[in-house]
Ligand code: G3H
């Protein structure tokens, strides 16, 4: 069978501070996940020569994959949803500084595009080449970001695009997708850290 493995980056310094976007390093806990990942992956992928690891260009995904002994590829198209002028802010700060935007996003999270940034719809469009390339891969582990993973997950689970913003993709959990003819089977492997 052919599997697609998905993981968020380990907890970052920004996650701890409740800030979105940025290019922060992993937290201490995030590094623990990075160190745990090789044994977690090995348990489930016996034939590991065939695995390729894809990350975004951001430090937190590359650090998360740094202990994995497989070929790696970095994709700009896997970078987190661009929050534009809100990059580096907390949701509280956004609500205070851009109340109308905060409300608009609440009303239509799929279509809402951050000022100078992206919407979920935009992310889905830029993921198209990635998804096409994924179809050609044997085993691929994609270490990327919450919003991006929600879109990839919704695609493979046959969930309507508009529901992508509400997919649950927890931290420190390896997700295995097994695409079948009429459905995709999912296994979630929680790292015990
Ligand atoms: O920084 C972006 C987050 O990963 C996406 O979260 O779309 O629920 O605000 P959100």
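On the stretch given as the stretch 130-167, residues that are loosely packed, with under 14 Cβ neighbours inside 10 Å and either over 16 Å from residue 81 (Cα atoms) or at pLDDT below 95 (or both) total 6. Within the stretch 93-104, the residues that satisfy the criterion of being closer than 18 Å to residue 17 by Cα and either touching a helix residue (DSSP H, G or I) at 6+ places or on another chain (Cβ under 6 Å) or in contact (Cβ under 8 Å) with a residue 40 or more places away in the chain (or both) are 94, 95. Looking at the structure I just gave you, is residue 123 within 16 Å of the ligand (Cβ to nearest atom), surrounded by 14 or more Cβ atoms within 10 Å (Cβ to Cβ), touching a residue at least 60 places away in the same chain (Cβ under 8 Å) and under 24 Å from residue 15 (Cα atoms)? So residue 123 does not fit the description; no. Counting only strands (runs of 3 or more DSSP E) that fall entirely inside the stretch 128-193 and contain at least 1 residues that are without any contact (Cβ under 8 Å) to a residue 12 or more places away in the chain, the qualifying elements are 184-190.
The values are calculated or read from the model by the stated rules, or taken from the named source; none is laboratory data. Just so it is clear, the structure is predicted and the values come from calculations on it, not from any experiment. In this analysis, Cβ positions are derived from the backbone assuming ideal geometry, glycine residues included, and neighbour counts consider all displayed protein chains.
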